[in-house]
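Everything below concerns the one structure shown next.
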Amino acid sequence: MTDSSAAQTTWERNPRSVALMERAQQRIPGGVNSPVRAFSSVGGKPLFLVKGEGCRVQDADGHWYIDYVGSWGPLILGHAQAQVNAAVAAALTSGTSFGACTEREIQFAETVCSRVPGCDMVRMVSSGTEACMSAIRLARGATGRDLIIKFDGCYHGHSDGLLVAAGSGAETLGVPDSPGVPAAIANLTLSLPYNDLGAVRAAFAAHDGQIAAVILEAVAGNMGCVPPDPGFLQGLRDVCTADGAVLIVDEVMTGFRVARGGAQERFGITGDLVCLGKVIGGGLPAAAYGGRRDLMSRMAPTGPVYQAGTLSGNPLAVAAGQTMLDLLDADGVYEGLERAGARLEAGIAAAIAKTGGGARVQRVGAMMGVYFRDAPVRNLDDARTCDVARFGRVFHELLARGVYIAPSAYEAGFIGAAHDDAAIDETITAWEGALAAS
Ligand code: KE4
């Protein structure tokens with residue numbers, strides 16, 4: 001992609017980030033520890049960040065931005081949140097890790113199970129990838145079946161069987177089916193169009209009794225922000241129940257974000273297993289999978305399905321996560337997130353109308369996406385018709401106006417409790433200028 005003049009401007013404003021990237025590329029593939037950070041699809045070179053405060057981040061050249069990435073979702077209460085920081089600092093005085101049982105982990109499991117529908121038991125891991133990989137293994141172990149169904153553009157981490165038609169960075173970089181995944185593994189994954197219940201029913205009919213699980217994002221946040229059509233989730237629930245397949249709801253992104261009990265609470269659906277991450281670690285490496293007791297009891301050491309992790313339930317991550325969940329339980333938090341999201345959505349929609357249209361906002365609670373097309377986006381094929389080049393130009397125009405959104409058209413934006421009215425109004429003004437300039 002030839003970099004736009006807007007991208008050039010970003011480089012000119014950020015000589016230190018550019019220099020750091022030159023150095024990083026010598027020792028880190030692409031200079032990044034996760035591909036989507038590379039700004040590949042928006043042109044230009046990535047910003048190096050040095051500090052976060054509330055809803056804002058500062059880059060290596062001293063510029064401040066209102067941040068809608070929020071570390072890709074975890075920082076729903078903002079950067080350097082005082083109580084989260086204090087909880088981690090206090091835990092730190094007792095050490096960083098034991099690799100042994102701690103009481104904190106029991107309290108954390110009790111908290112998660114008390115909020116997440118259908119979650120009788122939960123096992124902590126260190127990443128969303130591990131959570132989804134483990135849930136899939138459990139579903140296969142419990143059913144004795146091998147096939148899984150996922151949806152095009154949904155991303156469930158980078159385990160081999162799930163890097164099939166994957167969204168997020170894989171879609172961004174054009175490798176939704178990554179090299180290195182053996183065909184024998186990839187062929188066990190059927191990837192279908194999101195929101196297409198007919199395709200799901202046909203797949204079950206064609207593979208009767210062979211499908212171990214259906215895994216999905218209840219709001220597809222790895223191709224922007226695609227809500228489930230009315231009836232889609234319930235249809236999946238019914239098909240899985242009838243066939244004996246396990247319904248795995250991947251709430252790594254939506255968990256504790258789109259409602260106190262996640263998307264399952266918001267949409268009134270209960271999976272057999274649920275995957276969690278991001279928010280539950282408060283910015284530290286923590287994730288989890290959980291669900292029905294009869295399924296979770298099959299995990300070692302109580303059952304034969306194996307999964308393990310050196311740092312699973314790490315005391316610092318649990319301290320951060322527990323504090324986050326406690327703070328999210330305060331009265332009015334989710335009403336505030338909904339109000340902020342609605343304000344931002346309305347403001348950007350008005351800016352789109354004012355600057356000639358050609359774009360749309362799709363939002364669920366405190367996550368949203370802006371697509372450069374007029375018609376609704378219901379699946380990956382729709383998302384792929386968007387004007388990605390214009391997205392790239394708007395991305396850099398927003399940076400120039402002090403707003404930092406995800407550097408990819410196939411990612412969601414995240415609103416947090418630290419985004420006050422002033423920050424949102426500043427963002428709306430920036431969007432109007434960026435749209436007009438692009
Ligand atoms: P991690 O392994 O990155 O912790 O989680 C994987 C994962 C699983 N499920 C969902 C719904 C997810 O969104 C993710 C990870 N999300 C991406 C951003 N869309 C992480 C950012 C990155 O890859 O750097």
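Worth a mention:
- Over the stretch 245-377 - Rg/Rh using Cα atoms and the Kirkwood inverse-distance radius: 1.08
- FRET efficiency, 1/(1 + (r/R0)^6) with R0 35 Å, evaluated for ARG339 and GLN25 via beta carbons: 0.25
- Taking every DSSP beta bridge that has both ends in the stretch 83-328, the antiparallel portion is near 40%.
- A simple spin-label model places pseudo-atoms 7 Å from Cα toward Cβ; at ALA308 and ASN187 they are separated by 3.2 nm.
- Ordered by 1.4 Å accessible area with all protein chains kept, THR385, THR129, THR93, THR254 run largest first as THR93, THR385, THR129, THR254.
- In the frame of its principal axes, the chain has Cα extents of 57, 54, 47 Å, reported largest first.
- Equivalent ellipsoid dimensions for the stretch 83-328 as semi-axes, Å, which come from the Cα gyration tensor, largest first: 29, 18, 18
- Only beta bridges with both residues in the chain are counted; by DSSP, about 60 percent of them are antiparallel.
- Over the chain, Cα pairs under 8 Å with separation of 6+ residues give a relative contact order of 22 percent.
- Overall form of the stretch 139-200 per C-alpha gyration tensor (a/c, 1.5; a/b vs b/c): oblate
- Helix-derived mean residue ellipticity, 222 nm - over the chain, DSSP H n ≥ 4, -39500 (n - 2.57), to 500: -12000 deg cm²/dmol
- Segment ALA400-ASP120, length gained on full extension (0.36 nm per residue, minus Cα span): 96.0 nm
- SER191 accessible area, 1.4 Å probe, all protein chains in place, Å² to nearest 10: 30 Å²
- Given +1 at the Cβ of Lys and Arg, -1 at the Cβ of Asp and Glu and no other charges, the dipole of the chain around its Cα centre is 520 debye to the nearest 20.
- Per-selection Rg to Rh, the stretch 10-161 - Cα, Kirkwood hydrodynamic radius: 1.03
- Of all DSSP beta bridges in the stretch 111-257, antiparallel share, percent nearest 5: 10 percent
- A full extension of the chain between ALA242 and HIS207 corresponds to an added length of 11.3 nm, given 0.36 nm per residue minus the alpha carbon distance.
The values are calculated or read from the model by the stated rules, or taken from the named source; none is laboratory data. Worth saying up front: this structure is predicted, and the values here are computed from it rather than measured. Neighbour counts run over all protein chains shown; Cβ positions are idealised from the backbone, glycine included. The area values use the complete protein model at the heavy-atom level, side chains included, leaving out ligands, DNA and RNA. Shrake-Rupley method; radii C 1.70, N 1.55, O 1.52, S 1.80 Å.
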